[in-house]
Amino acid sequence: MGSITPPSASLPESTSPSLILTHPTPSEQQHTWSLTHPKWGPALTKEAYLARESYLTTVPLAKDGGISHWILTTTTTTSPSPSQSSSENRPILSSCETLRKPCITALPSGDLTKGIAYGIGSVFTDPQFRGRGYADRMLRELGQILSSGDATCSVLYSDIGREFYAKRGWMAFPSGHVAFPPLEKMDGEGGNDKVRRLVGYHELAELCAVDEGLVRGQVIKRARETGKKCVALMPGLEQMLWHLMREDYMTREIFGRTPVTRGAVVGGTGDKRVWAVWTRGYYGGLQSVEGNTLHILRFVVEDEEGMDEEELVGAFRAIIKVAQAEAVEWRSQEVQMWNPSPLLRRVIGRCGIEHSFVERDTESIASLMWYGEGRVEDVEWVANEKYGWC
């Protein structure tokens, strides 16, 4: 399917000038997706997984060049068959993809600039090519390409611990979460009557527009407080739709239907609203809940300074209980919220809901490479939450 498997002895060294980082042909991309199916698509058949990956190139954020696929290969090829072009007769030594995302940066002066971040995902090396430094070569070249273009930074979420990517320039940032167990909804329990409305697709545009304004304010405030440059990925509508449309594909394949509830809101327009947007991710499918997670993409308190903490505790409890009930219905092992703020950590401790705090050491380690002036060690990542994952 668009690639060859050279004898081990003929593989080039990772330092070889014959290696190039380039974009795959359509058949090479299909081959790469086929290789990654066992790792990232076990809840789907191989055919459904390939269709999902193709579909995800057409959704908001990814379409119109928003996503780019990359392969490390070699300029040295064997002779092609009559049905193959020479570019298709080459080994795929390592592969990844980049997703273009809006971001903002604030200086300690309060000056704010818009920028572009690239989310790097699906870093994969065929097992027969591992241990030769190909992923290292690919990532170093990719970092150089991104830094010479329009990028402010790039982010990735390491599933192999903190050290591998840190040595290549992507510094590991806080990567903790709080986990809540699934729980059947009990009428009249826990203040669920506080939920003003449930979030579906129709509510997203207004909520995301409000949230973008909140994040701009948070980044400026944090930069002034810390005296550091602060960066944030923007929680815009297209960013959220990328997650939710991915979720739709998965749930349609697994359950034969898609969710209606994508979050919950406490408080009305003009009030001090509290709300969350979530998505469901599946690795176990219907066979096992292990690996199935309801992820809170973003938890928002519209007026953190002005809201009474007791009132916030009740709002938080109500929203989480809706999420827990959704986790039961949609075969999720747990509800996760990434990197809650100090305020929310206090609220979680008072909400009376069973929970556990987890510091991730190996999976989904949020990592960032900085391309602007200064060092990445002097940059603070604001709103480092699940919505930024790719």
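When the Cα positions of Leu146, Gly131, Leu156 are compared along the charge dipole of the range 102-156, Gly131 comes out farthest toward the positive end, with charges on each C-beta of Lys, Arg, Asp and Glu.
Farthest towards the positive end of the charge dipole of the range 215-288, among the residues Gly268, Gly227, Tyr249, is the Cα of Gly227, using unit charges on the Cβ of Lys, Arg, Asp and Glu. Our note on the geometry: Cα centres of the range 98-173 and the range 354-390, 12 Å apart.
Taking the highest mean first, how do the peptides 356-366, 298-308 order by number of other beta carbon atoms within 10 angstrom per residue?
Values: 356-366: 14.3, 298-308: 16.2.
Ranked by mean Cβ neighbours within 10 Å, highest first: 298-308, 356-366.
The relative contact order of the range 256-390 comes to 23 percent, based on Cα pairs under 8 Å that sit 6 or more residues apart.
Which pairs break 22 Å Cα to Cα here: Lys221/Lys272; Lys194/Lys272; Lys114/Lys229; Lys114/Lys272; Lys63/Lys101; Lys272/Lys321?
In this structure, Lys114/Lys272 exceed 22 Å between Cα atoms.
Computed about the Cα centre, the dipole magnitude for the chain is approximately 560 debye when only Lys and Arg (+1) and Asp and Glu (-1) carry charge, each at its Cβ. Adding -39500 (n - 2.57) for every DSSP H run of four residues or longer, then dividing by how many residues the chain holds, sets the calculated 222 nm ellipticity at -10000 deg cm²/dmol.
Take every Cα pair under 8 Å whose residues are at least 6 apart in sequence, average their separation, divide by the length of the chain, and the relative contact order is 22 percent. In the chain, the longest principal axis of the Cα atoms and the axis of helix 309-329 are about 50 degrees apart.
Using 0.36 nm per residue and subtracting the Cα-Cα separation, the extra length available between Asp303 and Leu343 on full extension is 13.2 nm.
Distance from the alpha carbon centroid of the range 261-335 to that of the range 49-63 works out to 26 angstrom. Rounded to the nearest 10 degrees, the inclination of helix 237-255 to the longest alpha-carbon principal axis of the chain is 80 degrees.
Subtract the Cα-Cα distance of Asp150 and Ala179 from 0.36 nm times their separation in residues, and report this length gain in nm to one decimal.
Values: separation 29, 0.36 × 29 = 10.44 nm, distance 3.67 nm.
Between Asp150 and Ala179, full extension yields an extra 6.8 nm.
Computed with a 1.4 Å probe over protein heavy atoms only, the accessible surface of the chain comes to 43 Å² per residue. Of all aspartates and glutamates in the structure, the ones whose alpha carbon falls short of 17 Å from that of Lys386, not counting any fewer than 8 places away in one chain, are Asp159, Asp211, Glu212, Glu238, Glu247, Glu334, Glu359, Asp361, Glu363. When a 1.4 Å probe is rolled over the protein heavy atoms, the share of accessible surface on the chain that falls to carbon and sulfur comes to 50 percent.
The values are calculated or read from the model by the stated rules, or taken from the named source; none is laboratory data. These figures come from a predicted structure and were not determined experimentally. Heads up, the Cβs are rebuilt from the backbone with ideal geometry, glycines too, and the neighbour counts pull from every protein chain shown. Side chains are part of the model used for accessible areas, which takes the heavy atoms of the whole protein and leaves out ligands, DNA and RNA. Shrake-Rupley method; radii C 1.70, N 1.55, O 1.52, S 1.80 Å.
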